[in-house]
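Any read-out appearing in this document is the output of simple, stated calculations on the displayed coordinates, not a laboratory observation. These numbers were taken from a predicted model, which means no experiment stands behind them. Methodologically, a virtual Cβ is constructed for each residue, glycine included, from the backbone with ideal geometry; neighbour enumeration extends over all protein chains shown.
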Amino acid sequence: MNRLNKGQREKVRHFQAITDCNESFAAQILRSNNWNLEAAIEYVFAEGVEISSIKPSVLEKIYKVYKDKDEDLIMAEGIGQFCEDLGVDPSDPITLVISRYMGADVMGEFTKEEFFRGFQRLNCDSVKALKKKLPALRKELKDSHKFKDTYEYAFSFSREKGQKSLVLDTAIGMWKLLFGIYSWPLCDQWCEFVEVNHKKAITKDTWFQLLPFAKQFPADLSGYDENGAWPYLIDEFVEWHEEKNMKE
Amino acid sequence: MAASRSGGAVGPAKKLKIKPLKIKPKLPANFVEETWSKLQKAIQAVFSEENVAYSFEDLYRAAEDLCLHKKAEFVYENLVHECESQVTTVLGKLTQQKQSTTFLSELEKEWQTHCNQLLTIRSIFLYLDRTFVLQNSQLKSIFDMGLQLFRKQIESSPATERTLSSGLVEMVTQERMGDQSVDRKVLKSLVKMLLLLGLYSNHFEDEFLQETQRFYQKEGVDMMKELNVLDYLVHCEKRLTEEEENCKEYLDSFTFSPLMKIVEDCLITKHLHEILDKGFTLCMDQLKIADLRRLYTLCDRVGSLDLVKESLCNYVKQRAGEYVTDDKNNSQMVQNLINLKANIDKALQECFDNKESFHGSLKEAFEYSINLRQNRPAELVAKYIDSKLRSGNKGGGDEELENTLDEVLVIFRYISGKDVFEAFYKKDLAKRLLLGKSSSIDAEKSTIGKFKTECGSQFTNKLEGMFKDIDISRDIMTGFKNSAQVQSKLKHGLELYVNVLTTGYWPTYPPVEANLPSELRDYQDIFKKYYLSKHSGRRLVWQNSLGLCVVKCKFNKGTKELVVSLFQTVVLMLYNDEDKLTYDDIEKATGIEAKELKRTLQSLSLGKVRVLLKEPKTKEVNRADTFTFHKDFKAPLYRLRINNIQMKESQEENQNTTERVFQDRQYQVDAAIVRIMKSRKTLSHTLLISELYSQLRFPMKPSDLKKRIESLIDREYLERDDENAQIYNYLA
């Protein structure tokens, strides 16, 4: 560390602030990018480089605890154990945040690579350390910008392998979970509407657009313009909602 | 006084010298008094209509003399005085007269006399009038002075004044009510008097106009209740002409426009909505040219043509809307629309001056109402044309057909879903061509020509291709028949004619399988070989459902020729070997799919021409039925058609056509979106939608377009912009 000059130290601190990694790793990445801060950050995010110096051997040990007997994966059983050790309910939305850090592709299983990636990104070397981080992760759910990441991640995470859209039941479950935190007053109505009238899988576009829609309009949906670019399902929901209100 | 005289008979000329008078001549002392009294007497005589004792020349001189002797002012003043007392007496007498009609006629008489008297007096005092009065700008000429005195007198008594104007107004009102006894001369001359006296505008006109307003307001309301709308309009027209004439006859021209405005307002404008509501539909339905023309003219007068236009459009929307949405009268719809359009055109030409602004709104109204119902009108227009072009269409030569087509084309123009039309037209055309049911190829081609001018060659491309196929097939068949190689293989007694159809030009037909009799199959193979030898690399698929056969059938009562479909043939051929077959037998032997087979059997055993007998004799074809050949079949004609079933369109077929059109539309929308986005790369939702509407030639709801856009996002042709979800980016 001492070998770095003042400007370099400044950049390391900066880099750390953004990428949330330890010092030596930051210095290493910056050096390989000729101390160009922007290029280094871009590199890290583009490549999904593991920004951590946590040793794989440490993680290997943790991984073994949860690994499935037959497959080189952490399966449902392992995940259950993992949640128990962390002291969270498996249906707690916080699991979504953790999965997002792991970059887990599908629900219900973690590959070794994903598991490692999660611990490294969160800079934890033990389950205990991770448990300590939980309050900070919970905050992420409350932060509207980071919530968006989690919300959007939830789509691909809950999707079945090889499917483009999200099965309706899963989608509704996810919405109830996520909008339970974000507290969108119309969530129940939306779910009812989709269940009764749509009955089909939810496309990525609809999933992605629902959050800005929920953020933008008040509970009476005033100011909604159906000629806008909102997905048609949302158009129909607004119409359905209006009709329902009229009747009451 | 001196006089000179020159010339004489005798002697040298005498010189005359004029000397001044010794005594200065003098006027007689009482010259002024005497002369005036002479004049005064004359004036009074004139006023009392008596003979004047002096000659007018004398009097003129006397007046002149007085003026020359600088007594002009005196004369004028006295003259005014005389006149005043005269006017006062005369009018004073009149005011006693309470009855207005007599008052008016007397006043008129007095007025005339007064004017005449004034003229006489003016002649006497002409010198005064021309010199003294003219030089004094404050004084009025004698005539004007006389009038002013008259006016002053009238004005001095408000009662007189009131009697005068209200009497006049009453006269007019009475005349309006149809009282023939009203003396127009009196009326006219009194109005003229008021004008001359300058009393017209402030005393008479206002009252007159007010009364007019009251009168017509009441009349408008009463007449609207009493008369039907059409008679009411006639009445209005009559009133307007009357008022126009009256005004010209006895009123001042300045009153003309306010008067007419009042009449128009009270009679027309105030009731216009009611008139149009009640009368317009009636007139249009019965096409009452004269009444419509009148309505139009009257509305034009009051500047309410927009209302007429609105009514006309509403009428079109209402009637056309009724025709279009009446599900029970689908067969009449197109004819009704054509008639409606013809009526509207006639009214437009003959009643509405063929007004430009009407055309546009009418077009909108028609488009609106015809497209009230999606797709069905397009389909019915296609069917209508089919019924006209199909052979057996009764009545009418080429020219009439041509006219009918032109009329339908007008309706066609209003249809927004031209693709639906095209699909149905194509299907019907295919049937006409393939089953030889077209009444005239010339008419067909001329129809296509019309569509071409209407919608461009892209629209008719495929239709023209169909004709081309038919022509080419004819050549192929000639070649086929003349080919020696083919001839050697053919069995006698069987003829085949093949139409080779290009996929894409023709409607798509679902292939229906059937086990053809070996004779037919062989023949097909021979043709296939022949055709492929000429055009290698092509694929021939036999469309069994379109086949048409003529079968010779020997009955006990004589031989008949049956014109039947291929499926019917296949079934009939089975009876070459057997007389009685069960449903299952037939199904097994023919291999025709159940639905089609049932229809075929139905046509053979339950239609008009029953060559098969069904057991049991129910109205439905069931699996347990048996069919026997009808040996004793008889019919008056030699050649019988049983292929009607092929000509008629089934429900299913109809639905298929519609569905296919919708499917095509989706593809077209997708293609259009991709095309637009490919050239623009980035576009906002609103712009994309409006661009789409300008490109698409059929109606689409915005929500449907949205679905297509979302489907393309899902298929990753597009994505939403990261920054703004209202903007789409094209993904290469």
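Over the C-alpha trace of the range B:435-559, radius of gyration and Dmax come out as 17.6, 57 angstrom.
Dividing the convex hull volume of the alpha carbon atoms of the range B:100-144 by its residue count gives 52 Å³ per residue. Relative to the globular-protein estimate of 2.2 N^0.38 Å, the Cα radius of gyration of the protein assembly as shown stands at 1.78.
Taking every DSSP helix (H) stretch of at least 4 residues in chain A, weighting each as -39,500 (n - 2.57) and dividing the sum by the residue count yields a mean residue ellipticity at 222 nm of -20000 deg cm²/dmol. Considering only B:S137, B:G537, B:Q40, the residue lying farthest towards the positive end of the dipole of chain B is B:G537, judged by Cα position with unit charges set on Cβ. Rg and Dmax of the range B:570-610, based on Cα coordinates, read 9.8, 26 Å.
With 30 Å as the limit on Cα-Cα distance, the pairs of A:K69/A:K128; A:K133/A:K215; A:K139/B:K681; B:K427/B:K617 that go past it are A:K139/B:K681; B:K427/B:K617.
Phi-derived couplings, Karplus 6.51 cos²θ - 1.76 cosθ + 1.60 at θ = phi - 60°, listed residue by residue for the range A:64-75: 4, 4, 9, 4, 5, 5, 9, 9, 8, 8, 9, 9 Hz, with x used for Gly and Pro. Per the Kirkwood formula applied to alpha carbons, chain A shows a radius of gyration over Rh ratio, Rg over Rh, of 1.05. Counting every alpha-carbon pair across the range A:6-46, the share separated by more than 10 Å comes to 65%. With bins 10 Å wide beginning at 0, the percent of Cα pairs of the range B:547-641 falling in each bin runs 16, 56, 27, 1.
Across the range B:547-641, Cα pairs under 8 Å and at least six residues apart give a relative contact order of 34 percent.
Across 10 Å bins from 0, what is the distribution of all Cα-Cα pair distances for the range A:135-203, in whole percents? Taking every Cα pair in the range A:135-203, the percentages come to 20, 47, 29, 4. What you get for the protein assembly as shown, charging only the Cβ of Lys and Arg (+1) and of Asp and Glu (-1), is a dipole of about 2800 debye around the Cα centre. Under Stokes-Einstein, with the Kirkwood radius over Cα pairs as Rh, the value for the range B:328-435 at 10 °C and 1.306 mPa s is 106 µm²/s.
Between amide H atoms placed 1.01 Å from N, distances below 5 Å from B:F555 occur with B:K560, all of them 5 or more places distant or on a separate chain.
Leaving out same-chain residues fewer than 8 places away, which aspartates and glutamates sit with a Cα under 14 Å from that of B:K152? Straight-line reach from B:K152, under 14 Å: B:E84, B:D144, B:E161. For the segment A:226-235, counting C-beta atoms of other chains within 10 Å of every residue's C-beta and taking the mean gives 6. Look at where the Cα atoms of the range A:87-145 and of the range B:535-596 average out, and the two centres are 74 Å apart. Which values of log₁₀ I(q)/I(0), to two decimal places, follow from the Debye formula for the range B:176-334 at q = 0.15 Å⁻¹ with a uniform point scatterer at every Cα? Values, matching the q order: -0.86. With R₀ fixed at 41 Å, the C-beta to C-beta distance from B:E64 to B:L209 puts the FRET efficiency at about 0.25.
In the range B:455-609, taking the dipole from charged Cβ atoms about the Cα centre, the farthest positive-side position among B:S518, B:I470, B:C553 is held by B:I470. Here, P(r) means the percent of Cα pairs in each 10 Å bin from 0 to the largest distance; for chain B it is 2, 10, 12, 12, 11, 9, 8, 6, 6, 6, 5, 4, 4, 2, 1, 1, 0, 0.
This model, with +1 at the C-beta of Lys and Arg and -1 at the C-beta of Asp and Glu, gives the range B:653-730 a dipole about its Cα centre of some 280 debye. Computed from phi, the 3J(HN,Hα) profile of the range B:109-123 under the Karplus parametrisation 6.51, -1.76, 1.60 (θ = phi - 60°) reads 4, 4, 4, 4, 4, 3, 4, 4, 4, 4, 4, 4, 4, 4, 4 Hz, with x in place of Gly and Pro.
How crowded by other chains is A:202-212, given as the mean number of beta carbons from other chains within 10 Å of each beta carbon?
3
Cα centroid separation, the range B:253-301 to the range B:664-688: 52 Å. Where the alpha-carbon atoms of the range B:194-236 are placed on the principal axes, they occupy 45, 16, 8 Å, in descending order. The Kirkwood radius of the range B:620-732, taken over pairs of alpha-carbon atoms, gives through the Stokes-Einstein law at 37 °C and 0.692 mPa s a diffusion coefficient of 178 µm² s⁻¹. Scanning residues 5 or more positions from B:L640 or on other chains, those with amide H under 5 Å from its amide H are B:E561, B:L562, B:V563, with H placed 1.01 Å from N in the peptide plane.
From most to least packed by mean Cβ count within 10 Å, the peptides B:272-282, B:314-324, B:169-179 give B:314-324, B:272-282, B:169-179. Placing +1 on the Cβ of every Lys and Arg and -1 on the Cβ of every Asp and Glu, with nothing else charged, gives the range B:242-363 a dipole about its Cα centre of roughly 580 debye.
Cβ-Cβ distance of B:K588 and B:D522, R₀ of 30 Å, FRET efficiency by 1/(1 + (r/R0)^6): the value works out to about 0.85. For the range A:144-247, the convex hull drawn through the C-alpha positions has a volume of 97 cubic angstrom per residue.
Is there a pair in B:K188/B:K238; B:K489/B:K634; B:K288/B:K309; B:K261/B:K355; B:K426/B:K528 whose C-alpha atoms are over 28 Å apart, and which pairs would that be?
B:K489/B:K634
At the listed q of 0.12, 0.13, 0.16, 0.21 Å⁻¹, the Debye profile of the range B:31-156, built from one uniform point per Cα, gives log10 I(q)/I(0) equal to -0.46, -0.53, -0.77, -1.20. Per-residue ellipticity at 222 nm from helix content only, as computed over chain B with -39500 (n - 2.57) for each DSSP H run of at least four residues, stands at -21000 deg cm²/dmol.
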